[in-house]
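Heads up, the thing below is written out as structure tokens.
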Amino acid sequence: MKNIKRTKIVATIGPASESKKILQKMADKGMNVARLNFSHGYYAWHRKVIKNIRELGKKIDKPVGIMADLQGPRIRVDSSQEVRVRKGEVISVVLNAKKKPKAVVKTGKYIMIHLPAVGKYLKKGSSILIEDGLIALKVISKEGNLAVCRAVNSGIIKPHKGVNIPSISSRLGAMTKKDERDLKFAISQGVDFIALSFVSSAKDITSLRRKIKKLLNSKSLIPQIIAKIETKKAVENFDSILEETDIVMVARGDLGIEIPETKVPVFQKEIAEKCLRTAKPVVVATQMLNSMIDNLRPTRAEVSDVSNAVIDHVDAVMLSGETANGKHPVESVSVMSNIIKETEKSPFDDLVHGFLGDKKISISAAVADASHEMAKNSDAKAIIAASLSGLTARMVARHRPDQKLIVMTNNIKTYQQLSIIWGVESYILSECKNLDQLIDKSIKEIKKRKILKKGDKVIIITGRPHIKKEHVSLIKIEEIR
């Protein structure tokens, strides 16, 4: 099974990848989830892309999950032109982009940002970092909505680039009025995942879940919440955030500004380990193959970065600018897929026996543990799990089995959401009345798709099909006939 990519790929969709043709090619090369960044684009554009992705999934007969990434209290340069600054030069920052700069802007050079709430927390000595810290400004005085700054280094401040002010992001709240509107739109379009930016506490997750349920007003499965870990507060409160969220994203760009960047690799490993133990999927993001925005080949350091994330046992790795607006979106997915497959062939990807410990999360976890041991001892070629919500799939996947992990579900939302879980190949199965029918239909589906051959042994784990709440209680060894 080592020649099959198990770690999933999330690819950001943008001008470089929005067409049906490019989406198809990226899916062929290994894209599993499409990310829509709501910091950019109009609703008409997002609607069209979502439609194209859903049509693609049906065409290739595989789930392609859709992630709506909410902007959060993201601060951006709102000036329309580039501004070149030299080290030591004085430049003004207008904190309310809706108001034109007044005569008080004496420095001649200025930029505007669009989040006036920042003014409450900004003070003399504060650092303003632009475009992931490429340009650094230091506040030397502040009056009302105007901050006079000195450039720490030389460079070009470009329009619409992100602005970070360390330790302030977590004070601004996780959701803005724009996020409320974007959430309502994303829910109306049936997306599979909602990524919440600048999470600082578990309350941010519970608040978002309430909003989603209110918008849906339905008992059906709701979009899963992805907590983006990118603030110092999120790191401090990670354990409680992990309890509430469905999925975790290590958003290293902003995180590397909020905390010393030298600490980020260690936090990535700690977060990945905690997610694995609790069966919560984890995604690693930001600048994984950044040089491929312009170049056809990645740097050696980028290859190592992706490979190390796989060795950390993450569920998915993410491409941002590489596929959104880069010159080589398809090649970026292809290169990432090849790195994953090469790393997964190595012993460094293997999970050490007993790594997860003896503590069982639930009966389902205990059954999943037993199924993994049975698969190894019986020389089974696959583990087949029936799953209503995806819980069983997560419980089995956290063992990182060598065998194929095939998940059958009768819920279309679960089918889409399984796209982000390590190693899972999911298929839609019509509702079954009893266990025998469930097993027979699963085997029939596998034979039809020529996934396994006659004589192959499989481990089947499931519960009672007529019980709506997921409860795994049965393990069975079957031979394909």
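The values are calculated or read from the model by the stated rules, or taken from the named source; none is laboratory data. The structure displayed is predicted, hence computed values, not measured ones. Neighbour counts are summed over all protein chains in view; Cβ atoms, including those assigned to glycine, are modelled from backbone coordinates with ideal geometry. Side chains are part of the model used for accessible areas, which takes the heavy atoms of the whole protein and leaves out ligands, DNA and RNA. Shrake-Rupley method; radii C 1.70, N 1.55, O 1.52, S 1.80 Å.
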> Can you find even one residue in the range 111-129 that is open to solvent by 60 Å² or more (accessible area, probe 1.4 Å), closer than 30 Å to PRO281 by Cα and charged (D, E, K, R)?
Replying inline: no
>> Could you list, ordered by first residue, the pairs with Cβ atoms under 9 Å in which the first is in the range 55-67 and open to solvent by less than 10 Å² (accessible area, probe 1.4 Å) and the second is of a type in the set (Asp, Glu), at least 6 apart or interchain?
In response: GLY65/ASP192; ILE66/ASP192; MET67/ASP192
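Listed here are the residues, each with its yes/no results for (1) on the phi > 0 side of the Ramachandran plot; (2) part of a helix (DSSP H, G or I); (3) at pLDDT 95 or above; (4) of a type outside the set (D, E, K, R).
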| residue | (1), (2), (3), (4) |
| --- | --- |
| LEU183 | no, yes, yes, yes |
| SER200 | no, no, no, yes |
| LEU208 | no, yes, yes, yes |
| LYS214 | no, yes, no, no |
| SER220 | no, no, no, yes |
| ILE225 | no, no, yes, yes |
| LYS228 | no, no, yes, no |
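Residue-wise test of (1) over 30 Å from ALA301 (Cβ atoms); (2) not polar (S, T, N, Q).
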| site | (1), (2) |
| --- | --- |
| LEU172 | yes, yes |
| GLU180 | yes, yes |
| LEU196 | no, yes |
| VAL199 | no, yes |
| THR206 | yes, no |
| LYS263 | no, yes |
| ILE271 | no, yes |
>> Against the condition without any contact (Cβ under 8 Å) to a residue 40 or more places away in the chain, in a helix (DSSP H, G or I), touching a Ser or Thr at 6+ places or on another chain (Cβ under 7 Å) and of a type outside the set (Lys, Arg), how does LEU242 come out, does it pass?
In response: yes
> Looking at (1) of a type in the set (D, E, K, R); (2) open to solvent by 40 Å² or more (accessible area, probe 1.4 Å); (3) farther than 20 Å from GLU244 by Cα, can you tell me which one ASP182 breaks?
Replying inline: (2)
>> Looking for something surrounded by 21 or more Cβ atoms within 10 Å (Cβ to Cβ), more than 28 Å from VAL250 (Cβ to Cβ) and touching a helix residue (DSSP H, G or I) at 6+ places or on another chain (Cβ under 8 Å) - is there at least one such residue anywhere in the range 370-378?
In response: yes
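Take TYR427 and decide whether it is surrounded by fewer than 22 Cβ atoms within 10 Å (Cβ to Cβ) and not hydrophobic (A, V, I, L, M, F, W, C).
Values: surrounded by fewer than 22 Cβ atoms within 10 Å (Cβ to Cβ): yes; not hydrophobic (A, V, I, L, M, F, W, C): yes.
Yes: the conditions hold for TYR427.
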> What residue, among those in the range 380-394 that are of a type outside the set (Gly, Ala, Ser) and modelled with pLDDT of 90 or more, is surrounded by the fewest Cβ atoms within 10 Å (Cβ to Cβ)?
Replying inline: LYS381
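Can you tell me which residues in the range 1-47 are polar (S, T, N, Q), assigned to a loop (DSSP other than H, G, I, E, B) and touching a strand residue (DSSP E or B) at 6+ places or on another chain (Cβ under 8 Å)? Even if it seems obvious, please write down each step before you answer.
So in the range 1-47, the residues polar (S, T, N, Q) come out as 3, 7, 12, 17, 19, 24, 32, 37, 39.
Right, trim to assigned to a loop (DSSP other than H, G, I, E, B) and you get 3, 7, 17, 19, 39.
Hits for the range 1-47 are THR7, SER17, SER39.
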> What are the pairs, 6+ residues apart or on separate chains, where a residue within the range 74-95 that is within 14 Å of LEU134 (Cβ to Cβ) has its Cβ under 8 Å from a residue that is open to solvent by 40 Å² or more (accessible area, probe 1.4 Å) and in a strand (DSSP E or B)?
Replying inline: GLU82/ILE156; VAL83/TYR110; VAL83/ILE156; ARG84/ILE156; VAL85/ILE156
> When you look at SER337, is it in contact with a helix residue (DSSP H, G or I) (Cβ under 7 Å, 6 or more places away or on another chain), open to solvent by less than 20 Å² (accessible area, probe 1.4 Å), modelled with pLDDT under 95 and not acidic (Asp, Glu), yes or no?
Replying inline: no
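Suppose the filter is within 18 Å of LYS5 (Cα to Cα), part of a helix (DSSP H, G or I) and charged (D, E, K, R); does ARG394 pass it? Step through it out loud before you land on a result.
Numbers: within 18 Å of LYS5 (Cα to Cα): yes; part of a helix (DSSP H, G or I): yes; charged (D, E, K, R): yes.
Yes, satisfied.
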> Residues in the range 218-229: is at least one without any contact (Cβ under 8 Å) to a residue 60 or more places away in the chain, over 18 Å from the mean Cα position of the chain (by Cα) and open to solvent by 10 Å² or more (accessible area, probe 1.4 Å)?
Replying inline: yes
>> If I filter the range 235-249 for residues that are open to solvent by 60 Å² or more (accessible area, probe 1.4 Å) and either hydrophobic (A, V, I, L, M, F, W, C) or touching a Pro at 6+ places or on another chain (Cβ under 7 Å) (or both), do I get at least one hit?
In response: no
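Whether any residue in the range 316-325 is open to solvent by less than 10 Å² (accessible area, probe 1.4 Å) and over 23 Å from LYS161 (Cβ atoms) is what I want to check. Break it down stepwise before answering.
Residues of the range 316-325 that are open to solvent by less than 10 Å² (accessible area, probe 1.4 Å), as a first pass: 316-319, 322-323.
Next, only the ones that are over 23 Å from LYS161 (Cβ atoms) stay: 316-317.
Yes - at least one qualifying residue is present in the range 316-325.
Hey, any hits in the range 416-434 for a residue that's in a helix (DSSP H, G or I) and more than 20 Å from the chain's Cα centre (by Cα)?
Step one: of the range 416-434, the residues in a helix (DSSP H, G or I) are 416-420.
Checking which are more than 20 Å from the chain's Cα centre (by Cα) leaves us with none.
No - not one qualifying residue is present in the range 416-434.
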> Are any residues in the range 194-217 within 11 Å of the chain's Cα centre (by Cα) and among the β-branched types (Val, Ile, Thr), and if so, which ones?
Replying inline: ILE194
> Of the numbered conditions (1) outside any helix (DSSP H, G or I); (2) surrounded by 17 or more Cβ atoms within 10 Å (Cβ to Cβ), GLU302 satisfies every one except a single condition; which is it?
Replying inline: (1)
